[in-house]
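Report on one structure; see the data block that follows.
The values are calculated or read from the model by the stated rules, or taken from the named source; none is laboratory data. The structure presented is a predicted model; accordingly, all values stated were derived computationally and were not measured. With ideal geometry, Cβ positions are generated from the backbone for all residues, glycine too; neighbour counts draw on all protein chains shown.
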Amino acid sequence: MNEAGAKILFVDDEKSILSSLQRLMFDEPWECQFVQSAKEALTFLEKNAIDLVVSDVVMPEMDGIEFLAEVQRRYPSIIRIFLTGFARRENVTRALTEGYSQQIIPKPWLDQELKDVIRSALRQSDQQKKHGPKFQELINSIPLLPPLPKSYSQVQDCIIGEEVDIEKMVDLISRDVAITSALLHWANSALFGQRFRVDTVKKAIVVLGTNIVKSLILSESVNRTLAGNLPTSAGFDLLKFKCHSIATATMSCMLIKSLHGSDAELQDRAFIAGLLHDMGKLTAASFFTEKFAAAVEKAKEGSCSLYEVEKELLGADHAELGSFLAEWWTLPPYITNAIRWHHEPIFGAIDQEVVSAVHVANLLSHQFGYGDDGKKTAYEIAEEYRESFYLTDERLEILQVETGTILKALCCRQ
Ligand SMILES: [Fe+2]
Ligand SMILES: [Fe+2]
């Protein structure tokens with residue numbers, strides 16, 4: 001990210017605090033402004049564009065909570081952070097859950113920690129800008145962006161360069177029954193072509209490879225974290241969503257296999273991108289529950305696709321939301337790209353074949369009944385994609401049967 005020139009406004013009624021912050025920020029490439037009251041800050045914001053506001057909570061006249069609520073109302077694209085000694089106070093917690101503030105830094109702060117939080121907030125702001133002001137507002141209304149699941153980063157830590165600490169990885173994975181069972185199923189599935197039974201996590205890791213293992217852990221953890229607490233009224237069916245993702249991953253991998261039989265890395269990429277392609281639906285359902293449920297209902301009734309209705313009701317579709325989260329977690333660009341363009345593959349700038357495979361596999365998933373958006377109308381595949389993946393009637397039949405077998409083994413019955 002280009003951090004230089006990022007604009008930050010610090011607000012605190014104590015002059016000594018502002019002076020320490022000023023000294024601390026001196027060698028950073030950011031343009032920092034320091035004001036002593038919320039009123040002064042609001043006047044400053046009327047005339048100046050700012051990326052990030054860091055505010056004290058307890059201040060005379062207008063306090064930090066009122067101030068950040070006002071910033072959220074007037075300038076929803078600005079990222080808001082509290083710097084406070086009262087992190088546990090009820091009203092501060094409320095400010096977090098209601099989204100007035102997106103992060104809290106405790107006072108007294110640790111210099112490096114404060115800089116890291118600011119750096120990460122600026123990275124978020126930079127990414128949001130690329131998507132335009134409407135999207136910025138939408139993302140900034142999310143109280144806290146979910147962090148990269150811990151289970152994923154722990155497994156990632158077992159891989160240093162080309163070296164993999166397989167014993168440590170086995171130990172981590174074996175603690176989770178659902179992930180262990182999913183790995184064993186996949187390792188024994190026809191997709192990964194094993195002739196011998198894979199009955200241990202260690203063998204499964206060897207058969208699948210660390211990238212596939214990581215993606216399965218990521219999707220399982222994301223499903224749990226984001227969909228775990230969703231009410232039934234959210235219009236989100238987790239089982240259907242999982243089946244749709246698995247079917248898309250399977251077919252996307254098969255499509256690439258039919259073109260590049262010996263390129264295992266490309267097949268893995270297609271599988272991973274297919275598995276994660278609709279991650280944005282979970283994001284939409286968990287953070288914009290009512291609007292997403294309304295979008296699902298409207299899509300069921302009308303002739304538009306879910307993503308088109310999402311654009312209308314939310315201001316962004318699940319492809320944008322999912323790719324934003326993938327970027328935020330710094331997942332590899334081919335994943336972000338496939339998530340972003342799986343409905344409009346023509347715009348996918350890199351890994352065109354993977355994006356196209358995910359696009360076609362997604363449409364086929366819907367056609368074969370593994371859809372999750374309640375649409376009844378046909379999902380047509382453009383002629384150019386039918387040709388490039390040699391999708392004859394016979395080939396489609398094979399894809400449908402093989403996908404059905406794999407999904408059955410993974411307990412996904414529609
Ligand atoms: Fe989608
Ligand atoms: Fe999809």
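The requirement of being away from ligand 2 (no atom under 16 Å from the Cβ) and over 29 Å from residue 400 (Cβ atoms) is not satisfied by residue 189.
For region 358-372, the candidate set comprises residues that are out of contact with any Phe, Trp or Tyr (no Cβ under 6 Å at 6 or more places or on another chain) and under 12 Å from residue 399 (Cβ atoms); within that set, the residue that is farthest from ligand 1 (Cβ to nearest atom) is 368. As an exercise: evaluate residue 43 against (1) β-branched (Val, Ile, Thr); (2) buried (at least 17 other Cβ atoms within 10 Å of the Cβ); (3) at pLDDT 95 or above and give the number of the one condition it does not meet. So residue 43 meets the others, but not (2). For region 253-282, taking the residues that are closer than 25 Å to residue 139 by Cβ and of a type in the set (D, E, K, R), the one that is farthest from ligand 2 (Cβ to nearest atom) is identified as 281.
Taking only pairs six or more apart or across chains, which ones have beta-carbon atoms under 8 Å, a first residue in region 135-152 that is within 27 Å of residue 220 (Cβ to Cβ), and a second residue that is small (Gly, Ala, Ser)? Qualifying pairs under 8 Å: 138/315; 138/316; 142/99; 143/99; 149/221; 150/221; 151/221; 152/221. Mind checking which residues of region 17-66 are closer than 23 Å to residue 126 by Cβ and in a loop (DSSP other than H, G, I, E, B)? Hits for region 17-66 are 26, 27, 28, 29, 30, 48, 49, 50, 51. Just checking, does region 339-350 include any residue being in contact with a Pro (Cβ under 8 Å, 6 or more places away or on another chain) and outside the structural domain of residue 135 (by TED's automatic domain parsing)? Within region 339-350, one or more residues are in contact with a Pro (Cβ under 8 Å, 6 or more places away or on another chain) and outside the structural domain of residue 135 (by TED's automatic domain parsing). The number of residues in region 166-207 being surrounded by 12 or more Cβ atoms within 10 Å (Cβ to Cβ) and part of a helix (DSSP H, G or I) comes to 28.
Among the residues making up region 341-354, those that are away from ligand 2 (no atom under 13 Å from the Cβ) and under 17 Å from residue 215 (Cβ atoms) are 351, 354.
When residue 322 is tested against (1) surrounded by 22 or more Cβ atoms within 10 Å (Cβ to Cβ); (2) within 12 Å of ligand 1 (Cβ to nearest atom); (3) under 28 Å from residue 398 (Cα atoms), just one condition goes unmet, and that condition is (3). Given the criteria in a helix (DSSP H, G or I), in contact (Cβ under 8 Å) with a residue 40 or more places away in the chain and either aromatic (Phe, Trp, Tyr) or surrounded by fewer than 18 Cβ atoms within 10 Å (Cβ to Cβ) (or both), does residue 225 qualify? Criteria met by residue 225. Looking only at residues of region 46-61 that are free of Cβ contacts under 8 Å to residues at least 60 places away in the same chain and buried (at least 17 other Cβ atoms within 10 Å of the Cβ), we find that the one that is farthest from the chain's Cα centre (by Cα) is 59.
Within region 229-238, the residues that satisfy the criterion of being closer than 14 Å to residue 279 by Cα and either modelled with pLDDT under 80 or surrounded by fewer than 22 Cβ atoms within 10 Å (Cβ to Cβ) (or both) are 237, 238. The residues of region 283-312 that are under 17 Å from residue 140 (Cα atoms), within 16 Å of ligand 2 (Cβ to nearest atom) and among the β-branched types (Val, Ile, Thr) amount to a single one, 283.
Looking across 379, 390, 334, one residue alone is within 19 Å of the chain's Cα centre (by Cα) and surrounded by fewer than 22 Cβ atoms within 10 Å (Cβ to Cβ). It is 334. In the set 348, 315, 371, only one residue is modelled with pLDDT under 90, of a type outside the set (A, V, I, L, M), surrounded by fewer than 23 Cβ atoms within 10 Å (Cβ to Cβ) and at positive phi; that residue is 315.
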